[in-house]
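Q: Let me give you the structure first, and then I'll get to my questions.
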Amino acid sequence: MELDQVTYLANVEHPVQLGYMIAIYFFYTGLSAGSFVLSSLGTVFGIKKYMPIAKAGVLMAVALLAIAPLHLIADLEQPGRFYTLLFHVNPRSAISYGTFLLTLYPINSAIYLWLMMRKDFTVGAKSLTGFRQKLYQFLTFGKTDLSEGAMARDEKWIKRLGTIGVPLALLVHGYTGFILANIQARALWHTGLMPLIFLMSAMVSGTGLLILVLLITQRFISPERAITPERKALIQDIARLMMWFIVVDGTLMIIDFISLYFGSAAGHAAGELFLYGSHSTMFLGVEIGLGLLLPFVITLWSKTRKSLKWISFASVLTLIGVIAMRVNFVVGGQQIPLSADVLNPYYVEPKHLMFIALFVIAEVTILFVAFKFLPVYGLGKSSESRLKVKQEVLAK
Amino acid sequence: MAEKKKRYGMVIDLRKCVGCNACTVSCKIENQVPNGVYRTWVKEIEKGTYPEVTRHRLPRLCNHCDNAPCQAACPVEATYRAEDGSILIDYDRCIGCKYCMAACPFDARFINPIRKTAEKCTFCYHRVEEGLLPACVSTCVGGARVFGDINDPQSLVSKLIGNNPVQVLKPEMNTKPMVFYIGADQDIMGARYNNLEKGEK
């Protein structure tokens with residue numbers, strides 16, 4: 001008898017359950033964790049040159065994590081019961097302790113952000129006029145002490161909250177990898193590397209989005225309305241960091257796939273599917289080729305790595321690549337059958353696509369409003385002096 | 001000697017299974033399982049080519065594992081173990097996150113499209129409580145399905161497990177299933193990966 005002469009006559013279909021909503025949720029938390037870690041380079045790790053992006057990074061981290069959990073709630077079959085996650089605790093469930101991480105981390109980050117902006121709020125409440133003056137007045141929450149002692153205390157607390165924030169950010173994203181890693185049923189997910197892979201791709205995409213947001217907001221929203229030479233140098237520097245994140249991410253991916261390919265039957269099948277099968281375009285083409293390899297070349301090659309246009313192109317590519325990675329792993333991992341002889345189908349719910357689109361709109365709006373009205377890049381010169389500069393430029 | 005706790009389990013003697021799907025149907029009726037989803041079903045394969053050919057069937061249901069990954073995965077502890085050892089779901093507590101469905105290595109769970117919660121075989125807890133057998137067991141024409149207390153050495157399930165070579169699904173997953181098979185073929189017990197994309201080529 002030929003050993004592959006087995007025909008399935010009757011079985012029940014088991015479609016993929018955790019779909020795009022979950023993949024995109026992982027994408028958001030990754031962006032959040034990545035931008036938080038980058039912002040902490042200045043405040044926590046004391047690398048002075050990264051100080052100018054500290055506020056932008058945390059603001060992004062908070063704004064992204066405000067929207068991210070909505071994906072999870074909208075994906076529930078019983079969304080009205082989501083709040084029970086807070087008082088029905090199962091310490092063995094990654095989702096259960098993730099709930100608390102997802103609650104603590106944005107609160108910590110928001111306080112941390114407020115402390116960094118308190119000085120600007122206080123100054124702005126006095127010097128500005130109109131809506132922003134009222135807003136800043138409110139946002140000082142009555143804490144208008146700008147004495148040296150008060151500022152030193154702020155500094156201390158910024159450092160403390162940042163120091164708590166970094167492990168929290170890593171945990172928030174590490175746990176999303178762990179959600180997959182501790183499912184022994186799914187060969188593609190069940191590896192100790194998964195949280196690390198998720199963290200590194202979070203760093204890659206977080207850097208990518210930070211670069212894009214910095215470029216757009218500095219050019220069009222910041223008081224200077226320009227990418228000054230210092231800002232340009234810093235963005236080139238961050239692009240260099242992104243290259244190293246890509247190197248680590250790519251290395252982890254190679255290690256993961258080698259051990260997967262030479263692992264269990266299901267793991268080998270997953271490897272075949274991703275490397276040679278129908279998923280190879282999404283995996284090798286989009287995730288690895290467009291998402292890692294091309295940005296790596298752009299940020300490495302001396303002719304492209306200095307150009308802001310190329311850097312922003314590379315950043316867009318990393319975002320596309322990491323979205324592809326999340327989808328490949330979340331959906332692809334469940335397509336490998338557990339009891340069938342064909343891939344499990346994935347039926348996309350139109351409702352879910354609609355939610356994803358809505359949340360993207362909400363996210364962009366939040367980011368725009370926050371960067372527009374909060375003193376992310378300081379208060380700038382007064383409007384008069386700005387006018388003067390403009391006239392000088394025109395005169396030249 | 002102190003009496004051991006009840007631990008319900010099932011033995012499915014495949015030598016007696018004719019693949020009639022009476023269990024599938026009776027389960028559907030008994031538990032009002034909606035269209036398109038199944039608490040129990042019968043997998044069927046054909047192995048070999050004529051004249052060296054056999055058909056194999058494998059009735060499938062929740063394994064009520066001793067070390068249940070679904071129970072560990074549930075973030076709100078809606079999945080719990082009853083006093084008789086069976087794994088049940090509190091439908092009023094389930095939030096429908098579907099993490100248990102990802103965690104079950106046996107595809108035993110599904111979303112009830114009407115109730116909007118996770119669902120699976122309960123070993124007919126409501127019948128067993130009343131002293132009846134699970135619907136699939138009482139309806140099985142060949143007597144292939146045997147249900148009873150595994151901790152009771154006098155029960156038929158205990159005797160069958162003790163006196164026959166038995167198999168469980170995916171022992172390497174370390175979930176310790178409580179559904180045992182007699183005469184199961186390895187080609188039907190898990191997934192087959194040799195040609196996963198046949199439909200797409």
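The values are calculated or read from the model by the stated rules, or taken from the named source; none is laboratory data. None of the values given here were measured: they were computed from a predicted structure. When we count neighbours, we look across all protein chains shown, and the Cβ atoms used for this are built from the backbone with ideal geometry, even at glycine. Note: accessible area is taken over every heavy atom of the protein model, side chains too, but ligands, DNA and RNA are not part of it. Shrake-Rupley method; radii C 1.70, N 1.55, O 1.52, S 1.80 Å.
Q: Report, ordered by chain and residue number, the aspartates and glutamates lying within cross-link reach of A:Lys126, taken as a straight Cα distance under 16 Å and ignoring same-chain residues fewer than 8 apart.
A: The reachable aspartates and glutamates, counting only those whose Cα sits under 16 Å from A:Lys126, are A:Asp145.
Q: Something else about it: What is the magnitude of the charge dipole of the stretch A:17-175 about its Cα centre, with +1 placed on the Cβ of each Lys and Arg, -1 on the Cβ of each Asp and Glu, and no other charges, expressed in debye to the nearest 20?
A: The calculated dipole for the stretch A:17-175 is roughly 480 debye.
Q: Further, regarding this structure: Hey, any idea what % of the stretch B:8-197's accessible area is carbon plus sulfur with a 1.4 Å probe?
A: Carbon and sulfur together cover 50 percent of it.
Q: Testing the spin-label approximation: label points 7 Å from Cα along Cα→Cβ at A:Lys309 and B:Glu52. State their distance in nm.
A: Distance between label points: 6.8 nm.
Q: Related question: In Å², what does the accessible area per residue of the stretch B:8-197 work out to with a 1.4 Å probe? Walk me through the numbers before you get to the answer.
A: Values: 7630 Å² over 190 residues.
Per residue, the stretch B:8-197 has 40 Å² of solvent-accessible surface.
Q: Students often get this wrong, so check it: of A:Lys48/A:Lys119; A:Lys351/B:Lys43; A:Lys159/A:Lys372, which have C-alpha atoms separated by over 24 Å?
A: Checking Cα-Cα distances, A:Lys351/B:Lys43; A:Lys159/A:Lys372 exceed 24 Å.
Q: Hey, another quick one. Leaving out ligands, DNA and RNA, what percent of the accessible area of chain A is carbon and sulfur, probe 1.4 Å?
A: C and S atoms contribute 69 percent here.
Q: Solvent-accessible area per residue for the stretch A:149-269 at a 1.4 Å probe radius, Å²?
A: Roughly 40 Å² per residue, with all protein chains present.
Q: Given the protein chains as shown and a 1.4 Å probe, how many square angstrom of A:His88 are accessible, to the nearest 10?
A: Here the residue's solvent-accessible area equals roughly 40 Å².
Q: Let me ask something else. Ranking request for peptides A:205-211, A:239-245: highest mean number of other beta-carbon atoms within 10 Å first, then the rest in descending order.
A: Details: A:205-211: 28.1, A:239-245: 20.4.
Order by mean packing, descending: A:205-211, A:239-245.
Q: Mind listing P(r) for the protein assembly as shown? All alpha-carbon pairs, 20 Å bins, whole percents.
A: 18, 44, 26, 11, 1, 0
Q: Same structure again: Considering protein heavy atoms only and a 1.4 Å probe radius, which residues within the stretch A:6-28 exhibit an accessible-area decrease of no less than 20 Å² in the full assembly relative to the chain by itself?
A: A:Val6, A:Thr7, A:Tyr8, A:Leu9, A:Ala10, A:Asn11, A:Val12, A:His14, A:Gln17, A:Leu18
Q: 5 Å is the cut-off here: which amide hydrogens, built 1.01 Å from N in the peptide plane, fall below it relative to B:Met10, excluding neighbours closer than 5 in sequence?
A: Under 5 Å from the amide H of B:Met10: B:Val179, B:Phe180.
Q: Also: Based on the alpha-carbon gyration tensor of the stretch B:1-145 and its eigenvalue square roots a ≥ b ≥ c, which shape applies: rounded if a/c is under 1.5, prolate if not and a/b is larger than b/c, or oblate? Walk me through the intermediate numbers first.
A: Working: a/c = 1.75, a/b = 1.39, b/c = 1.26.
Note, shape of the stretch B:1-145 comes out prolate.
Q: At a 1.4 Å probe radius, which order do A:His71, B:His56, A:His268 fall into by accessible area, largest first? Present the calculation step by step, with values, prior to reporting the outcome.
A: Numbers: A:His71 0, B:His56 40, A:His268 70 Å².
Ranking A:His71, B:His56, A:His268 by accessible area, largest first, yields A:His268, B:His56, A:His71.
Q: Count the net charge of all other residues whose Cβ sits under 12 Å from the Cβ of B:Tyr99, scoring Lys and Arg as +1 and Asp and Glu as -1.
A: Once positives and negatives cancel, what remains is +2.
Q: For a quick check of understanding: with a 1.4 angstrom probe and all protein chains in place, what accessible area in square angstrom does A:Trp157 have, to the nearest ten?
A: Counting only protein heavy atoms, A:Trp157 exposes about 120 Å² to solvent.
Q: Rounded to the nearest 0.05, what FRET efficiency do B:Arg115 and A:Glu148 give with R0 = 51 Å and r taken as the Cβ-Cβ distance? Could you check?
A: 0.20
Q: Just how much of A:Phe100 is accessible, in Å², when a 1.4 Å probe is used and the result is rounded to the nearest 10?
A: Accessible surface of A:Phe100 is approximately 70 Å².
Q: What lysines sit close enough to B:Lys159 to cross-link, taking a C-alpha to C-alpha distance under 22 Å and skipping anything fewer than 8 places away on the same chain?
A: Within the straight-line limit of under 22 Å, B:Lys159 reaches these lysines: B:Lys4, B:Lys5, B:Lys6, B:Lys16, B:Lys176.
Q: Another question about this same structure. Sequence gap at least 6, Cα distance under 8 Å: using those rules, report the relative contact order of chain B to the nearest whole percent.
A: So the answer I get is 31 percent.
Q: Any chance you could check the Cα centroid distance between the stretch B:7-55 and the stretch A:46-107 for me, in angstrom?
A: Value for the Cα centre distance between the two parts: 44 Å.
Q: Taking springs between alpha-carbon atoms closer than 10 angstrom, which of B:Asn21, B:Asn35, B:Asn112 fluctuates most in the Gaussian network model of chain B?
A: Of B:Asn21, B:Asn35, B:Asn112, the Gaussian network model singles out B:Asn35 as fluctuating most.
Q: Can you give me the C-alpha center-to-center distance between the stretch B:85-118 and the stretch A:293-311, rounded to a whole angstrom?
A: Between the Cα centres of the stretch B:85-118 and the stretch A:293-311 lies a distance of 48 Å.
Q: Now, a different point. Going from most exposed to least, what order do A:Ser278, B:Ser155 have by accessible area with a 1.4 Å probe?
A: Most to least solvent-accessible, the answer reads A:Ser278, B:Ser155.
Q: Which are the unpartnered cysteines of chain B, meaning those with no other cysteine Cβ under 4.7 Å from their Cβ?
A: So, B:Cys17, B:Cys20, B:Cys27, B:Cys65, B:Cys74, B:Cys94, B:Cys97, B:Cys104, B:Cys124, B:Cys140.
Q: Still on this model: To the nearest 100 Å², how much accessible surface do chains A and B hide from each other in total, with a 1.4 Å probe?
A: Interface between A and B: roughly 4700 Å².
Q: Kyte-Doolittle mean at least 0.5 and Cα extent at least 27 Å along the axis: which DSSP H helices of chain A qualify?
A: A:20-43, A:54-75, A:94-127, A:194-220, A:229-261, A:308-335, A:350-373
Q: Could you pull out every one of the aspartates and glutamates with an alpha carbon less than 13 Å from that of A:Lys49, ignoring same-chain neighbours closer than 8 positions?
A: A:Glu230, A:Asp237
Q: For the stretch B:47-123, with the dipole built from +1 on Lys and Arg beta-carbon atoms and -1 on Asp and Glu ones, taken about the Cα centre, which of B:Thr54, B:Cys121, B:Tyr99 lies farthest toward the positive end?
A: It is B:Thr54, whose Cα lies furthest towards the positive end.
Q: Moving to a separate point now. Over chain B, with a Gaussian network built from C-alpha contacts below 10 Å, which listed residue (B:Gly143, B:Gly162, B:Gly48) shows the highest mean-square fluctuation?
A: B:Gly48
Q: Now, a different point. So for A:Leu65, A:Leu171, what's the accessible-area order with a 1.4 Å probe, most first? Don't skip to the end; give the middle numbers.
A: Details: A:Leu65 5, A:Leu171 95 Å².
Descending order: A:Leu171, A:Leu65.
Q: About its Cα centre, what dipole magnitude does the stretch B:8-197 give when the only charges are +1 on Lys and Arg Cβ and -1 on Asp and Glu Cβ, stated in debye to the nearest 20?
A: Its charge dipole is roughly 380 debye.
Q: Given the options B:Pro34, B:Pro171, B:Pro134, which has the most mean-square fluctuation in a GNM of chain B, springs set between C-alpha atoms less than 10 angstrom apart?
A: B:Pro171
Q: What size of dipole, in debye to the nearest 20, comes out for the protein assembly as shown about its Cα centre when the only charges are +1 on Lys and Arg C-beta atoms and -1 on Asp and Glu C-beta atoms? Mind showing how you got there, number by number?
A: Details: 61 positive and 45 negative charges, 524 e Å.
It works out to roughly 2520 debye.
Q: Provide the net charge surrounding B:Arg109, with neighbours chosen by a C-beta distance below 10 Å and charges set as Lys +1, Arg +1, Asp -1, Glu -1.
A: +1
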